[in-house]
Structure formats: C-alpha cells, structure tokens
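Readers should treat all values here as calculations from the given coordinates under stated rules, not as data from a laboratory. Just so you know, these numbers come straight off a predicted model, no measurement behind them. Because the Cβ atoms are built from the backbone with ideal geometry, glycine has one as well, and the counts that use them run over all protein chains shown.
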Amino acid sequence: MQHTFGPAKQYSMNTKNDHPTAMTEKDNFSDRDPADTRTPPYTAIIIGGGPAGLFCACRAAGKDRRILVLEKMPSCGRKLCITGAGRCNLTHTGTMADFVSHYGGDGGKFLRPALMNFKNTDLLAFFRERGIPFTADENGKYFPQRRHGKGCPLRLMAECMRAGIEIRCGGESVQTIKPTNDLFTVSSEDATYTAEQVVLATGGASYPATGSTGDGYTLADRLGLPVTETGPALAAVLIRDYPFRDLTGISFDDVPLSLYRDSKKTRQVTGDIILTVNGISGPPGALHISRYVRPGDSLHVGFVTGTNEESARKDLAAVIAGGKNRQVKTVLAETGIPIRFLIRLLELSGIPRDATCAHLTKTDRNTLIRYLTDFPFTVKGTEGYATAMATRGGVARDAIRQKTMEAKEVPGLFCIGEVLDIDGGDTGGYNLQAAFSTAALAAKAMVSGGKTNKKK
Ligand SMILES: Cc1cc2nc3c(=O)[nH]c(=O)nc-3n(C[C@H](O)[C@H](O)[C@H](O)COP(=O)(O)OP(=O)(O)OC[C@H]3O[C@@H](n4cnc5c(N)ncnc54)[C@H](O)[C@@H]3O)c2cc1C
C-alpha cells in the first residue's frame, strides 16, 4: 500500500560550528501523518544521497524551493567515505582539457560542459571555504591536508542542513518514478511523494555494500531511457591458468600492458601492477585496463621497465651475455627483478633453476626474454562489482542534454554522477570530479529552468 506523507521535520543547522556526525535511520523523524495528503509537491526530489545527490541538493536549494533527498541506506555518502582508501582523492591537478582524456569511451567529451562549468579549482575552493583544505601529492592527486576523507561527506551534509534540505535515509529505496501530468510521482518502500523535478543520482553498481546496486539503471529503463551495457571498471583482472598464485604481493613499477582481442591489439597502458592470488591488480596499470577486458582476451605484460619492448629485450640480452658463468637468476635479479619471480619464469620456460648464462641456448634465452618483456595471459574476467571502484556503462549519454543533464525525452528528469555512462577510466579523482560537476550543472539548470522544464 502506498501513502502520501505530510511534511517531515527538516534537518536544520543554525550556527557555523554545528557539526553533524552522521545521519542515520533513527534521525528520520517519525512525526509525519500518513493520512495528510495536503502536502504540496516538492520542487525537486533527488534520489540517492551520494556526493552527486547531496551536492546537487545544496546547489539547487533556494527560497521557496522544497528539496527532498531520498537515500536507501541508513546514512548518506557511504561510498564517499571509503574513496581513496579512506582518504578521499577528491580531484586531480590539470586543466579541464586534460581531464576529458581521463574518462572511458567518449565520456570526457560529453562531460566537457559540466567540467567547464564547475572545475577542479571550484571543487577545491568549495571544501577549502568550509574548512577542508586539500593538497596534491606527487602524482597530482588531491587529498585532504589532514589525510582523512570522512570530513567531506560531513561537510556536504552540513551544507544540505543549512540549506534546509530534507533528507530521508533508510527504508527510502525508490522503486518507481512515474511522470504524471506536470508532476513526478516517486514511490519508495515507505512512502509516495510528488515533485516537479526528479534527479537520478543513484550511482553505479560497484561496491554494492555502499548502497549503489544499479537501481538507477532499472528506474531509467522503466522511464524509457536507454541504458548502455554495464560492467565493472577499475577492478582487478582475473587470469585463466594463472601461474603466479604463490607470488601474491610481488609488484612491478611502470610496466607496459597490451590487450589483444582476436589477435588485434586493442589497447595499451603503462603503469604499476601487483600480482594477486588469481590475477593482476594495482593502479594505474591493471585497474585502468580493466574496463576494456573481456573473457578470452589476451593480456600481454612486460615485467621490465624500458623505453620500449625492443630496447628492453636488447638490454636483457646484454645482461645475460655479460653474465658468463654466473647463474641466470642471480644476474637478472641484480637488475631489480624479484628472484622468486625469476625462478618461476625459468620453470615456465623449461630452463633449470641453476642454469648459467654461458650455458643458456639461444632458444631458451629468447623464451626467457620474451616472458620478461611480453608475458601472455588469458583474461578470465574481472574481480567484479564487489571490489570494482567504478561501473562502466549506464544511462546513455545521447539521451541526456549535455548542457543541463536533463533527459531529452523526459523533461524535468535529470541524471547525474555515476549512473550515467561515464567512468573515470583512470584513478586520480576523476570520478568524484564528474559526480560534483554533473551535479552542479544539473542544479544550475533546475534552478533556472524551474517548472518550465516540464513538457507542456
Ligand atoms: C573503494 C572505492 C574507492 C574509490 N575511490 C575514489 C577516489 O579516490 N576518487 C574518485 O574520484 N572516485 C573514487 N571512487 C569512485 C567514486 O566513489 C564514485 O564514482 C562516486 O561516489 C559516485 O558518486 P554518485 O553520487 O554518483 O554515486 P554513489 O556515491 O554511489 O551514491 C549513490 C547513492 O544512491 C543511493 N541509492 C542507490 N539506489 C537507490 C534507490 N533506489 N533509492 C534511494 N537511494 C538509492 C546509494 O545508497 C548511494 O548512497 C571510488 C569507489 C570505490 C568503490
């Protein structure tokens, strides 16, 4: 049975020094009268209390604008709390022109107006003005100076409270959105609400324990919005017949990874990797290529750093030639390759462990060098949504107005953040910047468009 609830008590914060700790289910005020159907519609309902939803709510607030955030988890911003290994890598250095190349597919091109409207400098200023200064590390990633990221969700919540936004958590898992006449009817597990505008900010499908379980794709699909194929991105890559199970934890810096499908090279990245129990992981190398891999693909990894494969081969050949009567593994280990890993490669090449450089046949030497510079793995898949940092695919970009984030065929409906077919193919703060920038752009359009967004 559905109810239309009367107005709920709003969260409010009156002083600058108020600090919300966390908004939990028990904070949902229960003095709503289910029989009260006189409630005027909300100006906007935002579905999802992640960074995109909360920030959109703050920016879309204003006099006479009643805004409601519905969050299905007992508290908001759960994924934001665990970003950057708990330190919140909010954004990256660089110009917005640089940013666009860091999103998978053509995502960056689509994001350009959002990124130009609300840049990395704007995002940093937003938090700095609210007492959270950020600094960039040597790789250009911005982290809070105090080195923990929990402050960001709290600041966002505080902003929402100051702006008089109503936030309802827990039991507010939105099940349906129905456009009827000039209003949307939004039904959660607990209640039914009406609003002039609706924002889908439900995130992707990765790390479902944080609440992002892909609901947004179903909701969008039911509204007739096309949704592109989704899958895990920024995830560890699983390997078939993996030969390094017992070498977990060995890592390699700045090595080349090339992806082949049907014998054609489709992608190449360079980055750090780490061997896991069933494949390879680690940003940026393995994680960055993970959005592109499919089962059965060939993933070739070079385990030595060189200007290119050819020069790496020549350098290894020279090292082996100069090793004379010393053991191959000892000589190569002196170049920085872990000895346990070398022993495994010797086994895989059919070369005795104690083989000396002078006694290595040409064929054996070539096999060993090939394994070191271009080891062929067969992809089994990725570790999946449980540990992926992002979702590739989502609400199709061509169904969304690039300059407002409004759905072309459903006026008044806005899609922001990771529910869109956008993913930062690179780690570094690109996903969060996209969430905040799309939120800011949608809010701007919501405020200026008002009810005129609705189809007449
Ligand atoms: C481990 C990890 C580390 C990461 N680190 C970084 C990083 O350092 N930098 C970076 O840029 N990105 C990082 N990301 C990615 C980044 O966190 C996401 O891209 C970002 O949180 C997306 O924001 P969003 O608001 O669109 O979605 P989310 O943060 O996923 O929020 C969506 C919200 O909607 C709610 N919701 C879902 N369905 C419903 C429904 N039916 N009804 C009501 N509410 C609903 C969810 O409970 C959730 O609270 C990381 C991700 C993970 C998993």
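Figures for the structure shown
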item	result
GluC sites (Glu not before Pro) within segment 116-180, DSSP loop, no more than 11 other Cβ atoms inside 10 Å	E129, E138
Least to most buried among L257, L54 (fewest other Cβ within 10 Å first)	L257, L54
Protection-proxy order for peptides 399-406, 193-200, each taking the mean of Cβ atoms within 10 Å per residue, highest first	193-200, 399-406
Segment 295-391: relative contact order as a whole-number percent, Cα under 8 Å and 6+ apart	45
3J(HN,Hα) from dihedral phi, segment 70-78, Karplus parametrisation 6.51/-1.76/1.60, rounded to Hz, x for glycine, proline	10, 10, 7, 7, x, 9, 8, x, 5
Globularity index of segment 237-382, i.e. its alpha-carbon radius of gyration over 2.2 N^0.38 Å	1.02
Partners for K119 among aspartates and glutamates (Cα-Cα distance below 12 Å; same-chain residues under 8 apart left out)	D98
Under the Karplus curve 6.51 cos²θ - 1.76 cosθ + 1.60, θ = phi - 60°, whole-Hz ³J(HN,Hα) for segment 405-415, x wherever Gly or Pro sits	6, 8, 5, 4, 9, 10, x, x, 9, 10, 10
Among the listed pairs K72/K444; K72/K141; K264/K329; K329/K362; K265/K314; K150/K178, those beyond 27 Å (Cα-Cα)	K72/K141; K264/K329; K150/K178
Positive-pole candidate from A358, L115, N181, dipole of the chain, charges at beta carbon	L115
Where a label projected 7 Å from the Cα of E309 along Cα→Cβ would reach, residues of segment 371-390 with amide N under 12 Å	371-377
Residues with amide H under 5 Å from that of I167, placed H, sequence gap 5 or more	Y11, V69
Pairwise FRET efficiency - T218 versus N117, Cβ, R0 = 41 Å, nearest 0.05	0.90
Likely footprinting exposure, I45, I422, I337, fewest C-beta neighbours within 10 Å first	I337, I45, I422
Extension reserve of the L348-R267 stretch, reckoned as 0.36 nm per residue once the Cα distance is removed	26.5 nm
Other-chain or far-sequence residues with amide H under 5 Å of Y42's (modelled H)	T194, A195, E196
Straight-distance crosslink candidates among aspartates and glutamates, where the alpha carbon sits under 20 Å from K380 and sequence neighbours closer than 8 are dropped	E229, D241, D246, D262, D297
Percent RCO, i.e. relative contact order, over the chain, from Cα pairs under 8 Å lying at least 6 residues apart	21
D_trans [Stokes-Einstein, Kirkwood Rh over alpha-carbon pairs] for the chain, 20 °C, 1.002 mPa s, µm² s⁻¹	90
For V255, residues with placed amide H under 5 Å, excluding near neighbours	G271, D272, I273
HN-Hα J in Hz across segment 429-443 - Karplus 6.51, -1.76, 1.60, θ = phi - 60°, x for Gly and Pro	x, 6, 5, 5, 4, 5, 4, 5, 5, 5, 5, 5, 5, 4, 4
Sparsely packed GluC sites (Glu not before Pro) within segment 299-341, loop by DSSP, other Cβ within 10 Å at most 16	E334
Per-pair calculated FRET efficiency, R0 = 51 Å: T363 and K109 via Cβ, rounded to 0.05	0.60
